[in-house]
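The values are calculated or read from the model by the stated rules, or taken from the named source; none is laboratory data. If you're wondering where the values come from, they're calculated on a predicted model, not measured in any experiment. Glycine gets a Cβ as well: all are built from the backbone with ideal geometry, and neighbour counts include every protein chain shown. For the accessible areas, the whole protein counts, side chains as well, though only heavy atoms, and no ligand, DNA or RNA atoms are used. Shrake-Rupley method; radii C 1.70, N 1.55, O 1.52, S 1.80 Å.
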Amino acid sequence: MDLKQFLQSPFNKQNFIEFITERFYGFAPNLVQNEYLGQVKLDDKSEIGFFVFEVHDGINIENSRVGFHKELKKYADEHMLDGAIGAFYHERQKVWRFSFIRFSYDESHKKETTSQKRFTFLLGNEKIKTAQSQLKNLKYPKISELEIAFGVESVTKEFYRGLVKEYEKLLSEYLTYPSNDDNSKKEFAIRLVGRILFIKFLNKKSLVPDDIFEVTEDYYHEKLEPLFFEQLNTPKSERKQEFKNGNIPFLNGGLFEPLHLDYYEWNGNESRFAYILKIDDRFFSELYEHLNQFNFTIDENSIEDSDLSIDPEMLGRIFENLLAEINPETSQNARKSTGSYYTPREIVDYMVNSSLLEHIKTKTNIDEEVLKTIIFKNKEPLHDYDKTKILSAIFELKILDPACGSGAFPMGLLQKIVKILNLIDEDASIWFGLPKNKEFKETHKNRNKDYIRKLSVIKNTIYGIDIQPIAIEISKLRFFLSLIVDEDGEPEPLPNLEFKFVCANSLLPKPKNNQLATLEYFMLEGDLLELKNEYFEASGERKKVIKKEYIQTQK
C-alpha cells in the first residue's frame, strides 16, 4: 500500500489491517469486531498485540491524549503481551493516533503489568514527514526496532537541526539590531524564536488565528509586534480601538512585556525603532516552512506517554541548544561556564519520585510500600491508608531548584503531584477541603478543577532559580502552557511567576543586615509577603502599583 497516502488519510480499519499485515508476518486479524485484532510473535520471541479503539464524542483527538490504559492493561495481562500497536480514532475527526505501547511486568514473572509506555504519531494530516521516514523501513521488526521507529529522539534532532539553522541565519543575514552588544542581539533572537513557538502552541488551542502565520510585508512590525505587545500583553479594556473586539486573549504573566532588548516604543503611529530594528520577511517564511512540517501539542510529554510531536518540553531543548550562542566561548565551554546541562526525563522522573516518597513518608509515617505503589506505580494500594494525610503533606511541601535551567525538575514535580491528586482524590473533594484551600477554590470557582488544583500547586509549592535570564523565561513559558492546556474556551489572565522563578546566582550569600532582629524589619517582611501573594494574580494598573510598592518596601 502507499505509505504516504495511508499516513495522511483519515483512519480506515481495513487499511490499518493491511498496513500491519504487510509488516508483521504471521498476522491474521481476529474477525470478531472488537478492539483486539490479534497478536504475533516476533523473531526475538516478543508478543505484539494489535488494537483499534474508537474514541467517544467530547474528545478532541489532536489536542487530547486518549486513555484506554485499563483496557490495554487487561489485554496485556490476558495475552502476556510485551507490546502493542494501536489506532485511536473518532469517526468524524480526520486526525487519528497511531501508537506503540511497551509493557513492563512485575518481578515474579509475567503475572501483571506494572507500567506501560506509549509513543504516538498524530496522523491524518499533511505533517507526516517524521512518521513516513521512521515507518517506511518497518519490516518484520524486533521489539527494539519498534522502539526506535516510534522513538522521539529522531524528531527532536530533526526539529532542532532546522531551528538552529534558521536562528543562525537570523543573526547573520536577516536581523538589523540597534545595539552593538552581540549578546543582547543573540538574546533578542532567542526570545523572538521562543515567543513564536509559544504562539504556535496557542494556535493549537485556537487562541491565536491561523492568519497570524501568513507572512506579509514588514511582518515583524506590522503583525508580530501588535500581537505581542498590544494584544497578548494588554487587557482588552485597555487596548487600542482596532484590537478591542478581537478574540485574542490577554495572557498577562510578563511573557510579552516589551523589554529593553525589544526596542519597542509606540509613538502613536508605529514603534519609533521600526526603521532601526529590522527583520527580513524571508526569515519568518523560512522558519514557518520548517515549523509546518511538524505537529505541535501543548500537552507536555511524560515518561509514560509521548507524542512524536513538538511539545512544551522542546522549549527546554531549545535552551540547551542555543544557550551557547549567548556566550562567545565554544559550545562546550559555554555550557560548563554556567553549569547548563539538560537532564534526561528518566532521571528527572526518578529523582522527583524519590524526593516525594521521602517527604511524604517523613510527614505521615504511612507504610513505605503503600507510598511506593502510589508514587512509583501510579496505582491505588490494596491496603487502607489515610488520603488526607498524604494530601496535607503535599500541600505543605515547598521545593526549590537552585539551578532550574529550563524547568525540568519543577515541571516534573508538578506533573507527578497532579497524577497523585487525580489518582487518590479524583473529584478534588479532599484537596479543596483542606483549610487553606477552601478560599482558593472559592476565588476560582468559575474554572475547572484541574486548572484550580494545578494553579494552587504552582502558587504554594514550586520555586526555581537560575543564573541565565532566558532559562527563567523558558521555565515560565512551560508553566504557562501547562495551565492553558487545562482551560476551556478563552483563558483567564495567567499568573505572574516573577516570584516563583527568579534570575539570580544561588551560590552567592544574602547580604548581611544588622537590622534583621528589629520589629520594623519583621513588619516590612510581612508587607513584602502580602504584596507577593497579591502580585501572583494581579494585572493591569494594579500590577504596576504592586511592583512599585514592593521595590519601595524592599529598599
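Electrostatic tally near PRO178: other residues with Cβ closer than 12 Å to its Cβ, Lys and Arg +1, Asp and Glu -1, net 0. Of all lysines in the structure, the ones whose alpha carbon falls short of 19 Å from that of LYS361, not counting any fewer than 8 places away in one chain, are LYS372, LYS377, LYS379, LYS387, LYS389, LYS398, LYS416, LYS419. Normalised per residue, the accessible area of the chain is 49 Å², obtained with a 1.4 Å probe and no contribution from ligands, DNA or RNA. Among the chymotrypsin sites (Phe, Trp or Tyr not before Pro) in the range 220-285, those located in a DSSP loop and surrounded by at most 14 other Cβ atoms within 10 Å of their own Cβ are TYR275. Computing percent of Cα pairs over 31 Å apart directly from the structure and comparing it against (i) 54; (ii) 50; (iii) 72 singles out (i).
Report summary: the helix-based calculation at 222 nm, which adds -39500 (n - 2.57) for every DSSP H run with n ≥ 4 and divides by the residues of the chain, gives -13500 deg cm²/dmol.
Counting only protein chain heavy atoms and rolling a 1.4 Å probe, the accessible areas of SER271, SER144 rank, largest first, as SER144, SER271. Shape summary: the range 408-460 maps onto an equivalent ellipsoid whose semi-axes, from the alpha-carbon gyration tensor, are 18, 13, 10 Å in decreasing order.
Helix 182-204 sits at what angle to the longest principal axis of the chain, using alpha carbons and giving 0 to 90 degrees rounded to 10? Computed tilt is about 50 degrees. Tell me which lysines have Cα within less than 28 Å of LYS139's Cα, excluding those fewer than 8 residues away on the same chain? Straight-line reach from LYS139, under 28 Å: LYS4, LYS13, LYS41, LYS45, LYS73, LYS74, LYS94, LYS110, LYS117, LYS127, LYS129, LYS157. Solvent-accessible area of the range 345-492 (1.4 angstrom probe, protein heavy atoms only): carbon and sulfur portion equals 50 percent. Restricting the chymotrypsin sites (Phe, Trp or Tyr not before Pro) of the range 391-441 to loop positions (DSSP other than H, G, I, E, B) with no more than 12 neighbouring Cβ atoms within 10 Å leaves nothing.
Sorting VAL152, VAL502, VAL66 by solvent-accessible area of protein heavy atoms yields VAL502, VAL152, VAL66, largest first, with a 1.4 Å probe. The simple spin-label model puts a point 7 Å past each Cα toward its Cβ; for ASP367 and ARG542 those points are separated by 4.9 nm. An oblate overall shape is assigned to the range 359-453, the ratio a/c of its alpha-carbon gyration tensor axes (a ≥ b ≥ c) being 1.5 or greater and a/b not exceeding b/c.
Quick one: how many lysine pairs does the range 434-493 have with C-alpha atoms less than 19 Å apart and a gap of 8 or more or different chains? Give me the count, please. Close lysine pairs under the 19 Å cut-off: 15.
Sites listed here are GluC sites (Glu not before Pro) in the range 115-205 whose DSSP assignment is loop and whose Cβ has at most 15 other Cβ atoms within 10 Å: GLU126. For a modelled paramagnetic label at ASN292, 7 Å from Cα along Cα-to-Cβ, no residue of the range 162-179 is in reach, as no backbone nitrogen comes under 11 Å. Note on surface exposure: THR156, THR343 rank THR343, THR156 by accessible area, highest first, 1.4 Å probe.
Each eigenvalue of the Cα gyration tensor of the range 426-555, multiplied by 5 and square-rooted, gives one semi-axis; in descending order these are 29, 19, 15 Å.
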